[in-house]
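Novice: To start, I am sharing the structure in question, which I have written as structure tokens.
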Amino acid sequence: MEKSGKKKIVFVEPPPLLGWTVEMKISKAGRRHPCLNETGEQTYSYQNLSCAAVLRQRGFAVTYLHCPTQRLDLPMTKKALADEQPFAVVIMVEHINYNVAVAVSEYAREIGGKVLWVGPFVTALHQQEITKPCVDYILRQEWDYSVGEVLEACDGETSLDTIAGLTWKKPDGTVVVNAVRPPIEDLDALPIPAYDLLDLSKFYESVFIRFPAATMITSRGCPFNCIYCSYPQTIYGHRFRAMSPQRVFDEIKYLVVDRGVKEIRIDDDTFDIDRNRVIEICKLLAKGKFDMVFSVQCRPQLMTDEEAKWLRKAGCRMVLYGVESGNEQVLKEIRKGTTKDEIRRGVKIAKRHGIDVLNCVMLGFYWDTRTTVEDTIKFAFELNAEFTQVATPTPLPGTDYYNLLEDNNCFLSKEWEHHDSVHHSSVELPHLSNTDLNQYLATFYRRYYRRPAYLFMMMLRMFRSWGNFTQSLRKFTVLFTK
């Protein structure tokens, strides 16, 4: 039902830093473990777009300020908010943008807007963060529906006390923590996210080869129990819930036909929990014959030749694997639920079917030593994936890994902007100094991407397509000019 007056809601993805200017190359990358980078990476929140679509269905007027791609620094963001005069502002607060999110929120409150914070970070720290004067409401767990419920309660249509997953303050400052919000069971019932609120041509990841590109999420909840992974431990839970193959197909069709998208990254925690579902999605896409390619995030031990065959037929050009460590004992300690042999097998299957591999590795777990870190680096060299991404495991609030490091006094700083998983770490580990860890992070890419075996493989790959050629040129330019 349309609301009279259509109250205006503004989603804000803040500038990367408080002092960020439009001349800076710094942007925010990553989703589960957000970080700052200087290679032009730009991402958006799929969950925010889903929530925005729900709000529009409920009759709210919704706009979106994606400050990094719209080139809005903090003063420009404030001016944009002043021009909009929103009834409410929604911000997905992340550890890497915490300070600037607070600054945006303070200004939104100054001009009379209500401020709602969402996301894994504030779900974990809701009782602490709700005491800040710059925030009115914190929505814990999934927020697709709950934001609208809060806004309707502000209109007096319902009571705030009845909204599951809400942490809020009464007029006298009393903090109220409502019941835990149950997971969304029917993901098919969610509308297609409000992609039209963004200029998708502005979004870039170095692994993309075709543009414009988009990111979507087709399932929530991961049954695995990796100690460091934030989303299952904070907002999604560990029970796997998924869109039907037809719903996935419909969203992809919309992106390709209506939004002109040429590449899609399916950013599920683990896409192939249900292999039959994966194959059915691939059959629909193969039949649709869309002019696009896509990538998926999978578990190497779940990959089979049949799955890889159908992924390739459907247009999958890359699979992301969470390798994390090349030491068997560390893999056990982080509860990865896989072995090096299973990882080797998954990589080989993907390569056998002509699918590029992006391996994600982490250096500097609590149990790591210089020897185990070198094990991981050597294992990454052995796997020789077309792309390997390195980071240190960020101790994100709400995870068992954060609690472990907190209990053992490993934090060198509690200032969140210092925990940038790609460039440096702000922890001191029992068997690995902070200096050694940061040195590994600083030198990994040169060691990996300048190897003769890697360069030979990529020289051959360059000639498989024009996209591969231009992508390789971009990568080599970065590698050999720094």
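The values are calculated or read from the model by the stated rules, or taken from the named source; none is laboratory data. The shown structure was predicted, so the numbers you read here are calculated from the model rather than taken from an experiment. As a convention, Cβ positions derive from the backbone with ideal geometry for all residues, glycine included, and neighbour counts pool all protein chains shown.
Novice: Where the second residue is among the acidic types (Asp, Glu) and assigned to a loop (DSSP other than H, G, I, E, B) and the first is over 14 Å from residue 64 (Cα atoms) and lies in the range 193-211, which pairs have Cβ atoms under 6 Å and are six or more apart or on separate chains?
Specialist: That search, which allows pairs on different chains as well, returns 205/41.
Novice: Among residues belonging to the range 9-35 that are assigned to a strand (DSSP E or B) and in contact with a Leu (Cβ under 8 Å, 6 or more places away or on another chain), point out the one that is surrounded by the fewest Cβ atoms within 10 Å (Cβ to Cβ). First the steps, then the outcome.
Specialist: Initially, the range 9-35 is screened for residues assigned to a strand (DSSP E or B), giving 9-13, 27-29, 35.
Keeping just the survivors that are in contact with a Leu (Cβ under 8 Å, 6 or more places away or on another chain) gives 9-13, 27-29.
Details: 9: 27, 10: 22, 11: 28, 12: 26, 13: 27, 27: 19, 28: 23, 29: 22.
My answer is 27.
Novice: Next up: Any idea which residue in the range 232-251 is surrounded by the most Cβ atoms within 10 Å (Cβ to Cβ), counting only those that are under 16 Å from residue 298 (Cα atoms) and touching a residue at least 40 places away in the same chain (Cβ under 8 Å)?
Specialist: Once the filter is applied, the top-ranked residue is 242.
Novice: Out of all the residues in the range 203-219, is one or more closer than 20 Å to residue 399 by Cα, outside any loop (DSSP other than H, G, I, E, B) and among the polar types (S, T, N, Q)? Please lay out each step first, then the result.
Specialist: Kept after step one, since they are closer than 20 Å to residue 399 by Cα, are these residues of the range 203-219: none.
Within the range 203-219, not a single residue is closer than 20 Å to residue 399 by Cα, outside any loop (DSSP other than H, G, I, E, B) and among the polar types (S, T, N, Q).
Novice: Ok, one more. Give me the pairs: first residue in the range 74-87 and within 18 Å of residue 100 (Cβ to Cβ), second residue surrounded by fewer than 18 Cβ atoms within 10 Å (Cβ to Cβ) and at pLDDT below 95, beta-carbon distance under 7 Å, and six or more apart or on different chains, which are they?
Specialist: Short answer, once both residue conditions are applied: 74/18.
Novice: Restricting the search to the range 386-420, which residues are touching a residue at least 40 places away in the same chain (Cβ under 8 Å) and among the hydrophobic types (A, V, I, L, M, F, W, C)?
Specialist: 387, 390, 391, 396, 404, 410, 416
Novice: When residues of the range 166-182 are filtered for being surrounded by 15 or more Cβ atoms within 10 Å (Cβ to Cβ) and more than 23 Å from residue 8 (Cα to Cα), how many remain? It would help to see each step written out before you state the result.
Specialist: Of all residues in the range 166-182, those surrounded by 15 or more Cβ atoms within 10 Å (Cβ to Cβ) come to 166-169, 178, 181.
The next check asks that each one be more than 23 Å from residue 8 (Cα to Cα); those that pass are 178, 181.
Looking only at that region, the number is 2.
Novice: Across the range 36-52, which residue is nearest to the chain's Cα centre (by Cα) among those that are buried (at least 19 other Cβ atoms within 10 Å of the Cβ) and either part of a helix (DSSP H, G or I) or aliphatic (A, V, I, L, M) (or both)?
Specialist: Step by step, filter the range 36-52, then rank; the result is 47.
Novice: Here's a follow-up. Could you pull out every one of the helices (runs of 4 or more DSSP H) wholly within the range 373-471 that has 1 or more residues that are modelled with pLDDT under 90 and not assigned by TED's automatic domain parsing to the domain that holds residue 325?
Specialist: By residue number, 452-461.
Novice: Still on this structure: Looking for something of a type in the set (Ser, Thr, Tyr), in contact with a helix residue (DSSP H, G or I) (Cβ under 8 Å, 6 or more places away or on another chain) and on the phi < 0 side of the Ramachandran plot - is there at least one such residue anywhere in the range 292-300? Even if it seems obvious, please write down each step before you answer.
Specialist: Pass one, the range 292-300, residues of a type in the set (Ser, Thr, Tyr): 295.
Subset that is in contact with a helix residue (DSSP H, G or I) (Cβ under 8 Å, 6 or more places away or on another chain): none.
No, the range 292-300 has no match at all.
Novice: Cβ-Cβ under 8 Å, sequence separation 6+ or interchain: first residue in the range 322-341 and over 19 Å from residue 440 (Cα atoms), partner crowded, with 17+ Cβ neighbours inside 10 Å and of a type in the set (A, V, I, L, M). Which pairs?
Specialist: Between residues of the range 322-341 that are over 19 Å from residue 440 (Cα atoms) and residues that are crowded, with 17+ Cβ neighbours inside 10 Å and of a type in the set (A, V, I, L, M), the close pairs are 333/227; 334/227; 335/227; 338/331; 339/331; 340/331.
Novice: May I pose another question? Taking helices (runs of 4 or more DSSP H) that do not extend beyond the range 78-194, which have at least 3 residues that are aliphatic (A, V, I, L, M) and out of contact with any Asp or Glu (no Cβ under 8 Å at 6 or more places or on another chain)?
Specialist: On the way: elements: 98-110, 120-124, 126-129, 146-154.
Once the helices (runs of 4 or more DSSP H) in the range 78-194 are filtered for at least 3 residues that are aliphatic (A, V, I, L, M) and out of contact with any Asp or Glu (no Cβ under 8 Å at 6 or more places or on another chain), what remains is 98-110, 146-154.
Novice: If you don't mind, there's one more thing I want to ask. Can you tell me which residues in the range 57-85 are more than 18 Å from residue 198 (Cβ to Cβ) and among the acidic types (Asp, Glu)?
Specialist: Of everything in the range 57-85, those that are more than 18 Å from residue 198 (Cβ to Cβ) and among the acidic types (Asp, Glu) turn out to be 73, 83.
Novice: Consider only pairs whose beta carbons are under 7 Å apart and that are at least six residues apart or on different chains; among these, list those whose first residue lies in the range 155-172 and is free of Cβ contacts under 8 Å to residues at least 12 places away in the same chain and whose second residue is surrounded by 10 or more Cβ atoms within 10 Å (Cβ to Cβ) and aliphatic (A, V, I, L, M).
Specialist: Within 7 Å, the pairs are 159/153; 170/176.
Novice: Looking for whichever is more than 22 Å from the chain's Cα centre (by Cα) and surrounded by fewer than 16 Cβ atoms within 10 Å (Cβ to Cβ) here; the options are 61, 82. Which one fits?
Specialist: Details: 61 fails: surrounded by fewer than 16 Cβ atoms within 10 Å (Cβ to Cβ).
Sole residue among the options that is more than 22 Å from the chain's Cα centre (by Cα) and surrounded by fewer than 16 Cβ atoms within 10 Å (Cβ to Cβ): 82.
Okay, residues lined up against (1) at pLDDT below 95; (2) surrounded by fewer than 24 Cβ atoms within 10 Å (Cβ to Cβ); (3) of a type outside the set (Val, Ile, Thr):
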| residue | (1), (2), (3) |
| --- | --- |
| 103 | no, yes, yes |
| 108 | no, no, yes |
| 114 | no, yes, yes |
| 118 | no, no, no |
| 122 | no, no, no |
| 133 | no, yes, yes |
| 137 | no, no, yes |
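Novice: Looking at 142, 185 in this structure, which one is buried (at least 20 other Cβ atoms within 10 Å of the Cβ) and among the charged types (D, E, K, R)? Walk me through how you get there before you give the answer.
Specialist: Working: 185 fails: buried (at least 20 other Cβ atoms within 10 Å of the Cβ).
So the residue among 142, 185 that is buried (at least 20 other Cβ atoms within 10 Å of the Cβ) and among the charged types (D, E, K, R) is 142.
Novice: Among (1) modelled with pLDDT under 95; (2) part of a loop (DSSP other than H, G, I, E, B); (3) among the hydrophobic types (A, V, I, L, M, F, W, C), which single condition is residue 72 missing?
Specialist: (1)
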